[in-house]
Amino acid sequence: MKAAYGSQGLDIITVNLDTDRASADKFIKQFHPTFDVRFDPNGELAELYKVQGMPSSVLIDRQGVTRFTHVGFRPVDGPVYEAQVRELLAER
């Protein structure tokens with residue numbers, strides 16, 4: 001998604017809730033993600049966005065308003081997520 005829509009303004013930020021930062025750092029070193037990884041061992045962001053399960057996705061529009069949330073991920077849902085991303089990117 002980042003490769004396809006980054007030039008249109010899509011930004012992807014992941015939030016790692018693990019209390020063991022070393023495990024997260026190992027993952028980052030191994031996989032070199034192309035997105036921003038934030039660490040939140042106290043779960044403040046999870047609480048703010050009312051995360052109900054992991055993984056969760058929160059789609060936020062250009063004005064900072066939460067528009068779509070998803071709990072879990074199934075590849076079959078990918079087209080729905082992508083359509084929502086396109087919808088939000090089309091708004092100015």
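The values are calculated or read from the model by the stated rules, or taken from the named source; none is laboratory data. Remember, it's a predicted structure, so these values are computed and weren't measured experimentally. Here the Cβ is made from the backbone with ideal geometry for all residues, glycine too, and neighbour counts use every protein chain on show. Ligands, DNA and RNA are stripped out before the accessible areas are found, and what is left, the full protein with its side chains, is counted by its heavy atoms. Shrake-Rupley method; radii C 1.70, N 1.55, O 1.52, S 1.80 Å.
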Apply 1/(1 + (r/R0)^6) to the Cβ-Cβ distance of Phe35 and Arg67, taking R0 = 25 Å, and write down the FRET efficiency to the nearest 0.05.
-> 0.85
Filtered GluC sites (Glu not before Pro), the chain: DSSP coil and at most 16 other beta carbons within 10 Å = Glu91
Kindly report the accessible area of the chain per residue (heavy atoms of protein chains, probe 1.4 Å, no ligands, DNA or RNA), in Å².
-> 74 Å²
Measuring from the longest principal axis of the C-alpha atoms of the chain, the long axis of helix 21-31 (C-alpha) lies at a number of degrees, nearest 10, equal to 60 degrees
Residue-span extension gain [Ala22 to Val76] - 0.36 nm each, minus C-alpha spacing = 16.2 nm
Only bridges with both residues in the chain count here: give the DSSP antiparallel percent, nearest 5.
-> 55 percent
Pull up all non-local amide H partners of Phe68: gap of 5 or more, or a different chain, and H-to-H distance under 5 Å with H placed in the peptide plane.
-> Leu59
Using only helices, what value at 222 nm comes out for the chain when you add -39,500 (n - 2.57) per DSSP H run of length 4 or more and divide by the total residues, to the nearest 500 deg cm²/dmol?
-> -10000 deg cm²/dmol
Averaging sequence separations of C-alpha pairs under 8 Å and six or more residues apart, then dividing by the length of segment 7-49, give the relative contact order as a whole percent.
-> 52 percent
For segment 57-92 and segment 1-54, write down the distance between their C-alpha centroids in whole Å.
-> 16 Å
With Cα coordinates, the longest principal axis of the chain makes an angle with the long axis of helix 78-90, in degrees rounded to 10, of 60 degrees
In whole percent, the fraction of accessible protein surface over segment 29-92 that belongs to carbon or sulfur atoms, probe radius 1.4 Å, stands at 54 percent
All-pairs Cα distance distribution in the chain, expressed in whole percent, bin size 10 Å = 14, 44, 36, 6
Pick from Arg62, Arg74, Arg21: which is most flexible by mean-square fluctuation in a GNM of the chain where alpha carbon atoms under 10 Å apart are linked?
-> Arg74
